[in-house]
Amino acid sequence: MFSMNAVEVNDLTFAYGGMGPSLRGVSFSICKGEMLVIAGQSGSGKTTLCRIICGIIPHCIKGTLSGDVAVMGIDPSAVSLPQNALNIGMVFQDPDSQIICTTVEDEIAFGLENFCKPPNEIRRRVDELLTEFGFELLRHTNPELLSDGQKKLLTIAAVLATSPPILILDEPMSGLDRRARDLVNAAIEQQRRQGRTVIIIEHDLKTATYADRWLLLHDGTIAAFGVPSDIISDRNMLKELGVWT
């Protein structure tokens, strides 16, 4: 079903300055085109892990890092954040912390403009994403006027503007009502159908049974890694980890 690896992590250990390890000896791989859910309680290391994969650590957040990470064959710590952004895009939990422009279309165009893409290419890509995410009639709207679900969709569209092959979403359903969750789920499933590798950070696996594999973290180490049908049978372990409420 999948070919080659999009992400490879080997013996990864990380500690924020002056603190004990947030990750300890973590090793796994993610196949191209796979949907992986990373789950664990607060403080288990899931967000730290994704920050390392996309290069935010160590470029923006410092600490003690050891082990090997490869994203599309490239060590994210060895290239700049803009270079990493061509391979992997991350959507944060709070869309208001990520949206910076005053219109929907400018938000989608922002990344492309920063990469100095030709105007005709920017217009074509923006129009594609406005259509794909249902923003055709909202292109000139200030994002502050959007619903929470629309803001989440906008951050996803903006991250995808440069067509990174890997997408990370940090608790994409957080704070959304049922209708908004359905819209975001549909957008995520569309990325899967397009062959994009999708990594989702979640805290409740009941909302993530659709994933190809689960990676469960506890106290900075891997507690379980495999297909949901294999892991879900051990409900006691899931409840102890706080990922099945």
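The values are calculated or read from the model by the stated rules, or taken from the named source; none is laboratory data. Fair warning: this is a prediction, and the values are worked out from it, not measured in the lab. Reconstructed Cβ throughout: ideal geometry from the backbone, glycine too, with neighbour counts over all protein chains shown.
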May I ask you to list the residues in the stretch 39-87 that are in contact with a Cys (Cβ under 7 Å, 6 or more places away or on another chain) and farther than 25 Å from H218 by Cβ? N84
Quick check, is I188 closer than 20 Å to G55 by Cα, touching a helix residue (DSSP H, G or I) at 6+ places or on another chain (Cβ under 9 Å) and buried (at least 18 other Cβ atoms within 10 Å of the Cβ)? no
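Can you go through A109, A70 and tell me which one is under 23 Å from C50 (Cα atoms), at pLDDT 95 or above and outside any loop (DSSP other than H, G, I, E, B)?
Details: A109 fails: under 23 Å from C50 (Cα atoms).
So the residue among A109, A70 that is under 23 Å from C50 (Cα atoms), at pLDDT 95 or above and outside any loop (DSSP other than H, G, I, E, B) is A70.
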If you check L138 against the conditions, is it surrounded by 14 or more Cβ atoms within 10 Å (Cβ to Cβ) and under 18 Å from the mean Cα position of the chain (by Cα)? no
Within the stretch 144-185, restricting attention to residues that are hydroxyl-bearing (S, T, Y) and either touching a Leu at 6+ places or on another chain (Cβ under 8 Å) or under 17 Å from M72 (Cα atoms) (or both), which residue is surrounded by the fewest Cβ atoms within 10 Å (Cβ to Cβ)? S163
Some residue of the stretch 41-52 being at pLDDT 95 or above, among the hydrophobic types (A, V, I, L, M, F, W, C), part of a strand (DSSP E or B) and closer than 30 Å to T245 by Cα: no
Those residues of the stretch 182-207 which are of a type in the set (S, T, Y) and either within 20 Å of C31 (Cβ to Cβ) or at pLDDT 90 or above (or both) amount to T197
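Residues in the stretch 116-136: is at least one under 29 Å from N185 (Cα atoms) and of a type in the set (S, T, Y)? Steps first, answer last, please.
First, pick out the residues of the stretch 116-136 that are under 29 Å from N185 (Cα atoms): 121-136.
Subset that is of a type in the set (S, T, Y): 131.
Yes, the stretch 116-136 has at least one match.
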If you scan the stretch 81-125, which residues turn out to be acidic (D, E), over 26 Å from S42 (Cα atoms) and in contact (Cβ under 8 Å) with a residue 12 or more places away in the chain? E105, E107
Which count do you get for residues in the stretch 158-181 that are part of a helix (DSSP H, G or I) and either aromatic (F, W, Y) or modelled with pLDDT of 95 or more (or both)? 3
Just one of the numbered conditions (1) more than 15 Å from the chain's Cα centre (by Cα); (2) in a loop (DSSP other than H, G, I, E, B); (3) in contact (Cβ under 8 Å) with a residue 60 or more places away in the chain is not true of T209; which one? (3)
Looking at this structure, is E202 acidic (D, E), touching a residue at least 24 places away in the same chain (Cβ under 8 Å), within 16 Å of V91 (Cα to Cα) and surrounded by 22 or more Cβ atoms within 10 Å (Cβ to Cβ)? yes
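May I ask you to say which residue of G45, G40, G55 is small (G, A, S) and closer than 15 Å to Y16 by Cβ?
On the way: G40 fails: closer than 15 Å to Y16 by Cβ; G55 fails: closer than 15 Å to Y16 by Cβ.
Exactly one of G45, G40, G55 is small (G, A, S) and closer than 15 Å to Y16 by Cβ, namely G45.
Please go through the stretch 124-143 and pick out each residue that is more than 29 Å from G55 (Cβ to Cβ) and assigned to a helix (DSSP H, G or I).
We begin by selecting, within the stretch 124-143, every residue more than 29 Å from G55 (Cβ to Cβ); these are 127, 131, 134, 136-142.
Answer for the stretch 124-143, where residues must be more than 29 Å from G55 (Cβ to Cβ) and assigned to a helix (DSSP H, G or I): D127, T131, E136, L137, L138.
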Within the stretch 214-226, is there a residue that is surrounded by 21 or more Cβ atoms within 10 Å (Cβ to Cβ) and under 15 Å from the mean Cα position of the chain (by Cα)? yes
Just for the stretch 86-112: of the residues that are exposed (fewer than 13 other Cβ atoms within 10 Å of the Cβ) and not polar (S, T, N, Q), which one is nearest to L145 (Cα to Cα)? D96
